[in-house]
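Read the structure below first, then the notes.
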Amino acid sequence: MKNIRKTAVALLAVPLSVALFTGCTSSGDKQASGSESPGAGKSKEMVKLTAAFPGQESPGQKAALQAINKKLQADGLNVEVDFKYLDDYFNKLALNVAGGTVYDLAWAHSSTLSDLVAKKVYQPIDLQKNGADLIKNGPDYVLKGGQIQGKQYAVPRAIPMTGFNNVYNIRGDLREKYGIPKITTEEGLEQYFAAIKKNEPNMHPIVGDNIQELFPVYANYYFPIGDGGQYPLYIDPADSTHTVKSFLDSPAFAQVVAKKKEWKDKGLLFNDPNFDGEGGFDNGKVAAIAANIFRASERVDALTGNVKGAKVETVYLEPQKRYIFSAGDNMLAVPSTSKHADEAVALINWIKKDQANYDLWSYGVEGVNYKLAGNAVDTSGIPDANKYNTNVWMWNDLRLARFSTNYPKEDIEALKKWDSKSEVTPFVGFTLDQSKIKSQISNIQAIMGEYIPNLGMGVTDYNSVKDQMMKKLNAAGLQDVMKEVQSQINAYVSQNKK
């Protein structure tokens, strides 16, 4: 998963005043989805499914899809799949569905799921009918991540979720070079930054305005609204009353942004809006960057290809207690214009049913699109014309995922055990119904965007803007939002105790 967190932080900037049609047919460049069928794999006529994804087609896609469709049919699913790629993904998906374009499978994300369900971009799906393996192979709380008001709308990827977006990627080879032990504390991290500043004049110790990586130490909380560190409210999981509180005037938030300013003032934190931090890390110009649990495994080939002997490590600043707050980020959903929700669910179930299906869908044809080196995926020596680059981050399943030959086995084992000592909180699966407070939330998000990036970059002193920021937030309806969130949290927790 690329470290834009694959979210819609600019949440559907284009208002959808046009009506949303379910099950519409269309012409021109709108893709027909085939004839209706009573159940997955049982139609006499071939069912054509169109998947909408972000990104762009890779050279090896056509041959890979031919092999995928051949195996689908051999396995008894009478479907044929095609991929369509959309730029400006969430806006384009919503507008196209509103206009009647038929998609049968699409990327979804927890940050936009509730909003797009309300706009009828996605439709409810029935996992009992065609998703037996999805139900059997994962913990219940994972599937809850794709539910809205008790209905299943999407299938989240199955990955470690403890502190998922609260980690750094660092250069493990440089940590070892300067004699620094494995980093699990803020002190160890700062020791690493200091060594980089002293010994690597052509590197930035850390870049970026993200603040979430410090949350395990200062703010190990559940955040019911927001994304990317911009959170107006929180619940302390240690609070048995589950009281919703304001975050941006809390001592925890003040400590987080004070630490970022301290790093900036010491010359450790570099920020330039024109500097590509992600590319900088992968090209050896940056020593630490905000990441997620899976990011190291995804970027390892780029880094080792660009910087000889480089190692990428994941750093999680260990909290007093590990929690699981949510059960999904990236997901697969069925758009409302599809007439083949059953077949689409059967396809997702097929992908995750076994290793052979997962490998074919995710990596293509072995020996053509990739090679296996032990249990690892190796694309070295594969001609560019055969490269098959799908968005595996959308459907990752830790049971079946393969990793690069450059990713250490001990790191893979650590991922598999990542959630083993974590407490599953009662908030997993909660999705806020924003219908009563939509305008307030929109205004609050705009205000947070005025202040939090600069605070995260360490260029603004928190105490100089706190009062002004909170005055604006309260005027925008923060207390109304807090009251509504509390009501919904209470109802959700109470319902799930039954």
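Every number here is computed from the coordinates shown, using simple stated rules; none is lab data. None of the values given here were measured: they were computed from a predicted structure. Glycine also receives a Cβ, built like all others from the backbone with ideal geometry; neighbour counts cover every protein chain displayed.
Between the C-alpha center of the range 199-218 and that of the range 345-392 there is a gap of 34 Å.
Run through the range 375-447 and list the trypsin sites (Lys or Arg not before Pro) located in a DSSP loop whose Cβ has at most 16 other Cβ atoms within 10 Å.
Details: sites: Lys387, Arg399, Arg402, Lys409, Lys416, Lys417, Lys421, Lys436, Lys438; in loops: Lys387, Arg399, Arg402, Lys417, Lys421, Lys436.
Hits after loop and neighbour filter: Lys387, Arg399, Lys417, Lys421, Lys436.
Using a cutoff of 8 angstrom between alpha carbon atoms and counting only pairs six or more residues apart, the relative contact order for the chain works out to 24 percent.
Only Cα pairs under 8 Å and 6+ residues apart enter the sum, and on that basis the relative contact order of the range 361-498 stands at 20 percent.
I want to verify the translational diffusion coefficient of the range 367-498 in µm²/s; compute it with Stokes-Einstein, Rh as the Kirkwood radius over Cα pairs, at 25 °C and 0.890 mPa s.
Details: Rh = 20.1 Å.
Approximately 122 µm²/s, per Stokes-Einstein.
Which residue, Phe215, Thr243, Leu233, has the largest displacement toward the positive end of the dipole of the range 164-296 when charges sit on each Cβ (Lys, Arg +1; Asp, Glu -1)? In the range 164-296, that residue is Phe215. Using the Karplus relation 6.51 cos²θ - 1.76 cosθ + 1.60 with θ = phi - 60°, the per-residue 3J(HN,Hα) values for the range 384-401 come to 4, 5, 9, 5, 10, 10, 9, 8, 4, 4, 6, 10, 2, 9, 4, 4, 10, 4 Hz, with x marking Gly and Pro.
Near the amide H of Val312, within less than 5 Å, lie the amide hydrogens of Gly172, all on another chain or at least 5 residues away, with H placed in the peptide plane.
Dipole of the chain computed with +1 at Lys/Arg Cβ and -1 at Asp/Glu Cβ about the Cα centre; of Val117, Asn165, Gly55, farthest Cα towards the positive end is Val117.
For the range 286-365, report the convex hull volume of the alpha-carbon atoms normalised per residue, in Å³, without decimals.
Here the figure is 197 Å³ per residue.
Centroid-to-centroid, using Cα positions, the range 412-473 and the range 102-154 are 23 Å apart.
Only Lys, Arg, Asp and Glu count, each charged at its Cβ (+1, +1, -1, -1), so figure out the dipole size of the range 108-266 about its Cα centre, rounded to 20 debye.
Result for the range 108-266 is approximately 320 debye, rounded to the nearest 20.
One quarter of the convex hull surface, Cα atoms only: what value does that give for the range 303-349 in nm²? If you can, show how the numbers build up before the last one.
On the way: hull surface 29.5 nm².
Convex hull of Cα atoms, orientation-averaged projection: 7.4 nm².
Compactness of the range 50-189 was expressed as the Cα radius of gyration divided by 2.2 N^0.38 Å, which yields 1.39.
Each residue of the range 292-437 gets 195 Å³ once the volume of the Cα convex hull is shared out per residue.
Remark on the range 216-296: hydrodynamic radius 15.0 angstrom, per the Kirkwood mean of 1/r across alpha carbon pairs.
Using the Cα centre as the reference, give the magnitude of the dipole from point charges on the C-beta atoms of the range 303-395 (Lys, Arg: +1; Asp, Glu: -1; all else neutral), rounded to the nearest 20 debye. Numbers along the way, then the final one.
Numbers: 9 positive and 10 negative charges, 45 e Å.
Rounded to the nearest 20 debye, it is 220 debye.
The per residue volume of the convex hull around the alpha-carbon atoms of the range 396-451 is 194 Å³. Here the dipole of the range 346-498 is about 460 debye; that uses its Cα centre as origin and unit charges on the Cβ of Lys and Arg (positive) and Asp and Glu (negative). Spatial offset of the range 234-264 relative to the range 287-332 amounts to 23 Å, using the alpha carbon center of each. Only one residue of Ser362, Asn349, Ala310 has its Cα farthest out toward the positive end of the dipole of the range 291-366, where Lys and Arg carry +1 and Asp and Glu -1 on Cβ, and that residue is Ala310.
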